[in-house]
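Notes follow once the structure below has been shown.
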Amino acid sequence: MDFLLTMRLKGRAAIAGSVLLGALVISVVLFFLVGNGRVERILYFPREHGRGVVAEPRFLTRRASLEGNVTELVNGVLLGPARHDAARAFARGGTVRAAMIRGHTLYLDLTARVLAGDPDVPLGAAEALEILSRSIRFNFPRVREIVLYLDGQLPTFSEKKNI
């Protein structure tokens, strides 16, 4: 054991060890300062059988802007649940076209595909959008009003009515 404590490295071995130790220290400091780039969000989905919703915690990529974080969350809801006891809220293939926050209002533009008929979706449009709204408001309490667009147009069921 004393041999290991008194052993001295010379030349290239000392330089290589110092570089590796320095890289380790820098990576640990950056991890604690910046984090791993993931944040836990709670997404809501309808129950597979029966009424009600289930909450699913999911780690999503942290984005630089609030709009980016909301887009990441909405894409997670559109992707569907990972839980076996939850069902999809929206049809497959839907995406976020744009998200913009002004004050406490979120303007969210989705592709019309989100409300297309899908046998795996047990909800109507209004119920599905309410679940999406719940996920957004729970994770981003700053958002008080959500104005929804489908392919850049106000849907006929939500004209003059925000979710």
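The values are calculated or read from the model by the stated rules, or taken from the named source; none is laboratory data. This is a predicted model, so every value here is computed, not measured. Note that each Cβ is placed from the backbone with ideal geometry, even for glycine, and that neighbours are counted across all protein chains shown.
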Restricting attention to the stretch 77-113, the residues that are within 20 Å of I42 (Cα to Cα) and part of a helix (DSSP H, G or I) number exactly 3
Mind checking which residues of the stretch 114-141 are in a loop (DSSP other than H, G, I, E, B) and either surrounded by 13 or more Cβ atoms within 10 Å (Cβ to Cβ) or touching a Cys at 6+ places or on another chain (Cβ under 8 Å) (or both)? A116, D118, V121, P122, L123, F140
Would you point out the residue of the stretch 80-96, among those that are surrounded by 15 or more Cβ atoms within 10 Å (Cβ to Cβ) and within 18 Å of D151 (Cα to Cα), that is modelled with the highest pLDDT? V96
Within the stretch 43-52, considering residues that are at pLDDT 90 or above and of a type outside the set (F, W, Y), the one nearest to A91 (Cα to Cα): P46
Taking first residues from the stretch 116-133 that are farther than 16 Å from R51 by Cα and second residues anywhere that are among the charged types (D, E, K, R), the pairs with Cβ under 9 Å that are 6 or more apart or on different chains are A116/R92; D118/R88; D118/R92
Could you list, in sequence order, the residues of the stretch 36-79 that are among the acidic types (D, E) and surrounded by 17 or more Cβ atoms within 10 Å (Cβ to Cβ)? E56, E67, E72
Working only within the stretch 60-80, note down all residues that are in contact with a strand residue (DSSP E or B) (Cβ under 8 Å, 6 or more places away or on another chain) and polar (S, T, N, Q). T61, N69, T71, N75
